Amino acid sequence: MESSKEEGLVSDEPRIPPVSLKLNLEAPKSPALTPASPTPLSPTDTFPPSKPTCEMLADYKIPRYFRDDLFQYTGSRRPPHRWVVIGPKRSGTGIHVDPLGTSAWNTLVFGHKRWALFPPTVPKHMVTMRGMPDHEAATWFVMVYPRLHDSSTIDASGKTLAERLGIIDIIQRPGETVFVPGGWHHLVINLDFTVGVTQNFCSVPNWETVWLKTRNSRPRMAKRLLEKFVGFSKDGRDVERAAVFQGLVDIATAVSFVPALPPSTTESSSSSSSSSSASSDTDGASKDNTQSESSDGGGLCLCRKCKIRRKRKAGTLGIPSSGKADKK
């Protein structure tokens, strides 16, 4: 997407690993395959680095505005963050906030998307509606969007509720890139068949917010990240780069007194703008956030895998939960 090579402030472009396929829709059932039939793709199959795959990845260039991605230093345990998104008309992503306070960019290759974005100051209940049959973007645009723009919501200043909330409406066309700042509620619907590329990232401007969320939600990853930044800050070969990382370390130290909060349940575990019925995670990372490094603040992992292991050990697997964290 970018023909020229432009270096970022704190990093070179990360290496692009093989592609893994993730399907969000359940595949239709089919008769048993005969021995001569081809083997179907699993929802988590990883494509080997074949010539077509390598050629496609060689065309992947991060836009120059988003190359300073601090999360590239998290290593192999980085959460899923990069996708090829493909979806038919009326598919999309319901309203959500991206995980860990990260920002995102979405470049459209083919088709058209419609976006609605709300500033972080807008409470979620102001842009949702009780009794909705589902959380699909198409349902939101039918049931909620007209209510926000209804003439009955016009106040003395002549503004509708949508205008007072600061909604941003976007029609995205092929070749255009949408930037979603961290903390913004947003949703997107495909107006026709679309193909796009999207990536979540952490940069210097939103480091404080991302650090506060990552420190609690993924403590081990946060610890590794901060240790690397401390090392980079002591590198005397590049004084300017070292100063940048020292500033990041200082910010993390300055907010160390801020109390830890539990991970937000309103944040999406997927990309900010997946808006598709099928997506390709070009990182080959974990399939979802159920195997994350979440912690209750006392070192007890709250990921689904660890909770099941503890319940199986205690003999309580299958017994309805009280809704509290498993402390056994």
Q: Rank-order 180-187, 141-148 by packing density, defined as the average count of other C-beta atoms within 10 Å over each peptide's residues, highest first.
A: 180-187, 141-148
Q: With a 1.4 Å probe and all protein chains in place, put Asp169, Asp69 in order of accessible area, largest first.
A: Asp169, Asp69
(Q) Taking the Cα centre as origin and putting +1 on Lys and Arg beta-carbons and -1 on Asp and Glu beta-carbons, what dipole magnitude results for the range 205-255, to the nearest 20 debye? (A) 360 debye
Q. In the P(r) worked out for the range 205-255, what percent of Cα pairs fall beyond 17 Å?
A. 33 percent
Q. To the nearest 10 square angstrom, how much accessible area does Lys61 have with a 1.4 angstrom probe?
A. 70 Å²
Q: Quick one: accessible surface of Tyr60, probe radius 1.4 Å, all protein chains present, in square angstrom to the nearest 10.
A: 30 Å²
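The values are calculated or read from the model by the stated rules, or taken from the named source; none is laboratory data. Note that this is a predicted model, so its numbers are computed, not measured. Heads up, the Cβs are rebuilt from the backbone with ideal geometry, glycines too, and the neighbour counts pull from every protein chain shown. Side chains included, ligands, DNA and RNA excluded: accessible areas come from the protein's heavy atoms. Shrake-Rupley method; radii C 1.70, N 1.55, O 1.52, S 1.80 Å.
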